[in-house]
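> Quick one: structure below, then a few questions.
The values are calculated or read from the model by the stated rules, or taken from the named source; none is laboratory data. In this text, all values refer to a predicted model and were calculated from it rather than measured experimentally. Reconstructed Cβ throughout: ideal geometry from the backbone, glycine too, with neighbour counts over all protein chains shown.
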Amino acid sequence: MVTERRREIGIRVALGATRQAVLRMILRQGLGLTASGILIGLVIALVSGRAIASLLFGVTATDPATMAGVVALIAGAALVACYVPGHAASRVDPLVALRDE
């Protein structure tokens, strides 16, 4: 996503966007998608909990600790997956990005 938007990011930096603003923009967009995915996944997990309850041993289908652990793991992975390219995008040289095409 970030490499596809390199020209846009270069224009934003050329117009005065700070590195922190570019990083915030990329993190906000990536983590927004992650939050909506987590919410949809939790709803599906809670609805389908009865169907898989007989397959689970030693834990309930709606165990709060398990749900919280999975949400934290997914959110952490998404944060790293958004931060690394966002950090690289914040270092884009606007002249190089604009001359690229």
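> Being free of Cβ contacts under 8 Å to residues at least 60 places away in the same chain and in contact with a Leu (Cβ under 8 Å, 6 or more places away or on another chain) is the filter; apply it to segment 7-33 and report the residue that is nearest to A72 (Cα to Cα).
Residue satisfying both the conditions and the ranking: L31.
> Being at pLDDT below 80 and of a type in the set (A, V, I, L, M, F, W, C) is the filter; apply it to segment 55-77 and report the residue that is surrounded by the most Cβ atoms within 10 Å (Cβ to Cβ).
So, considering only residues that are at pLDDT below 80 and of a type in the set (A, V, I, L, M, F, W, C), the one surrounded by the most Cβ atoms within 10 Å (Cβ to Cβ) is A61.
> Among the candidates I40, I26, I52, single out the residue that is in a helix (DSSP H, G or I), of a type outside the set (G, A, S), at pLDDT 85 or above and exposed (fewer than 14 other Cβ atoms within 10 Å of the Cβ).
So the residue among I40, I26, I52 that is in a helix (DSSP H, G or I), of a type outside the set (G, A, S), at pLDDT 85 or above and exposed (fewer than 14 other Cβ atoms within 10 Å of the Cβ) is I40.
> Could you figure out which of (1) touching a Ser or Thr at 6+ places or on another chain (Cβ under 9 Å); (2) in contact (Cβ under 8 Å) with a residue 12 or more places away in the chain; (3) farther than 30 Å from V2 by Cα isn't true of T62?
Status for T62: all satisfied but (1).
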